[in-house]
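Accompanying notes for the structure given below.
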Amino acid sequence: MYLSRLRFDRHHPGALRRLSDPYEMHRFIWHAFPDESPLNRKGARDILWRVEPLDSNRADTSPTLIVQSQLEPDWNRPDVSVLACPPDVKEWEPVFRLNQRLKFRLRANPTKRIHDSRTIHNDNPDRRKHLAEKGMRVALLKEPEQIDWLITRAAERGFQVSENGECVTVANGIDELRYDLRRAWFRVERWSGYGAVKRGQDNTGRMRWHGVDFEGELEVTDSDRFADTIANGIGSAKAFGFGLLSVAPVM
């Protein structure tokens, strides 16, 4: 597995275009992998990426892209003129142990599927029926739902976000709410998401992903399953900058 850190030139028009459009960023990343790569046949699920939040207290901070891939990227293939400095690439073969505690960061797209056609807004009745049968994916916009989403996914994927007696702090704009949850400790920040043109889509032709930044500490409950989670990410919209679970030792 490889981790790449790329710092963009915040004054370059091409960099701004990629940073504001997930399709453009996805294309930029894709060019770093050879055409004969198995990734091009399997799809984007083997590449996870995230644009890191900027430090608002530092004017000189460069927008940073983190890319995790199964194959070694060739960052000479994309247009590197948009970067502020050469990419930093390292090979990473993580090994986890039971009950290990780690700091984590996750930008996720928490969603659920609804099957009631009466709650699906679409003018085409056949399309509405199809979406109801398949289950239409909708964003979870309320903080308690987002927290429950993470706790549920964690239990399924080999870890827990827990600390007895602690609370969850949810930062949403200037409002701060505290939830006294049993065995939970982490911070949640509402992230505004971003839109992008989706070819062939009618009306405005734009999609929007609602993202949430989770950050805190976790505990490994199943080392093999957790390693698989690290490799494959969590949640939907992974091709557009969501789902990369980054971890580091607790100091």
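Only the coordinates and a few stated rules stand behind these numbers; no lab work does. Note that the structure is a prediction, hence the values are computed from the model and not measured. Neighbour counts run over all protein chains shown; Cβ positions are idealised from the backbone, glycine included.
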Karplus-derived 3J(HN,Hα) from phi for segment 238-251 (6.51 cos²θ - 1.76 cosθ + 1.60, θ = phi - 60°), whole Hz, x at Gly and Pro, runs 5, 5, 10, x, 10, x, 6, 9, 9, 10, 8, x, 7, 8
Total charge of the residues flanking G241 in space, meaning their Cβ is under 10 Å from its Cβ, with Lys and Arg +1 and Asp and Glu -1, is +3
Residue-ordered couplings for segment 18-28, obtained by feeding phi - 60° into the Karplus form 6.51 cos²θ - 1.76 cosθ + 1.60 and rounding to whole Hz (Gly and Pro as x), are 6, 5, 9, 10, x, 5, 5, 5, 4, 5, 4
Residue by residue through segment 91-105, the couplings from Karplus 6.51 cos²θ - 1.76 cosθ + 1.60 with θ = phi - 60°, in Hz, x for Gly and Pro, are 7, 9, 10, x, 10, 10, 10, 4, 6, 5, 9, 9, 6, 9, 9
Contour minus Cα-Cα span, R17 to N99, at 0.36 nm per residue, comes to 25.3 nm
Once amide hydrogens are built 1.01 Å from N within the peptide plane, the residues lying 5 or more places from L83 or on another chain with amide H under 5 Å from its amide H are D9
